[in-house]
1. Count charges around E246 for me, please; just the other residues with Cβ under 13 Å from its Cβ, Lys/Arg as +1, Asp/Glu as -1.
2. Diagonalise the Cα gyration tensor of the range 78-210 and give the resulting equivalent ellipsoid semi-axes, square root of 5 times each eigenvalue, largest first, whole Å.
Amino acid sequence: MAPPFAGGEEDEEARWCGLSTDMMEMILKHLPIADHISVSIACKSWRLATSDIILPALRAPWLLGSPMASTSLSWGFYTSSNGGQSLGLEIPTEFQRQWCCGSSKGWLMHLREPRNHSQYYEAHLLNPITGATVELPPFPPTVIKGVISTSPFATDFMLAALCFESTNFDKYVIVYQPRHPRRKKILIDNAMDIMFHHGRLYILTDLAELLVGVFDPRWKVSFKSIPTLFEEEGRHPDTYWGKLVESNDGVFVVYCTITTGAERQQLKVFKIKEWGRHHRIVEVKSLGDRTFFVGPFSDGVSISKMKSSSKLNIIKPDHIYYITGSEYSLWAHCMQKRHTFRVEEFKMTGNILEWFIPKLEDRSNLMVVTPTHSTSLLLTIIIVMLAVIGQCLLGWLSI
């Protein structure tokens, strides 16, 4: 194999783009996750070479965190399956001091205080993997959670933000779509969580009522109400929190009755069943091979065939993982044993934490070929590649 930088610039590009999938996989095994991401977004040929390679750190959701004691926000990413270790990735500097109020389908929603003393804040979407940004219309500073329906570059893109009135704390939802100049404000009594699924807006209230909103081409929304989760039990718990979770085969509702001590929290899971135009909620006793991840301002997500990527074996199937407590500690609920416990192996305490699902397929800002996208990365790959070739030669000579 000829040296990577032998020949002219065109030969150089051809050699980097011509690395085989086997060689790329051998190289990636020796690189940290930050370099995994850089390789996958460097150019189209490297993207294709890495598309069939399953990176262990991408199997489980990441955690977005910022030290609470810090005077300035410094958002960075940490592993959820390897004890909260840093991934060595931070969001761009211009977003570090902005408040992150949404983590949805691979994008983050950020709010920044306006420069003209307006009552509304500047809002942006950020894909921290590709670096793509989307400017949004101004939003009120009281956004609790922002969610999106799909990629903001899709024609059917919508964004919904759960907000509250600063005077009386009444909740409401703002829905935005670029094709419609006016945002839609929906007043919802006691809204607790929101989520998009297949273009529908799901709203969970603290009265355990679930509303399903459908938008027509004229930008009108009609809601269907699904019976309360506690209809069969005949009573409503005094205090509880509820979260919506999206899965490939439907929508789930996780709710937890709050009692004294986190260990005594009782979680229940319900799945929304559809029969034609009718909806029904049924309790689920097991998640099967699924793992649920829920958080304050992130989409609730379901991941199938969850396997830990480290010897710590923190993340397991048929479990629900969530963040709670003043120290933002990680807790888990085992569906099979009906047991709630703190994940002691997870050491990221004293930080603001939220789930983030990396999306690598949105590559709107990729160049056609960028063999020198990162000089340090290329030097690392050269060193690793030479080491791999040396190991192969030594193995061949020993035969």
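We did not get these values from a lab; they are worked out from the coordinates using the rules stated. These figures come from a predicted structure and were not determined experimentally. Cβ: placed from backbone, ideal geometry, glycine included. Neighbour counts: every protein chain shown.
1. Local charge sum for E246: +2.
2. 24, 19, 17
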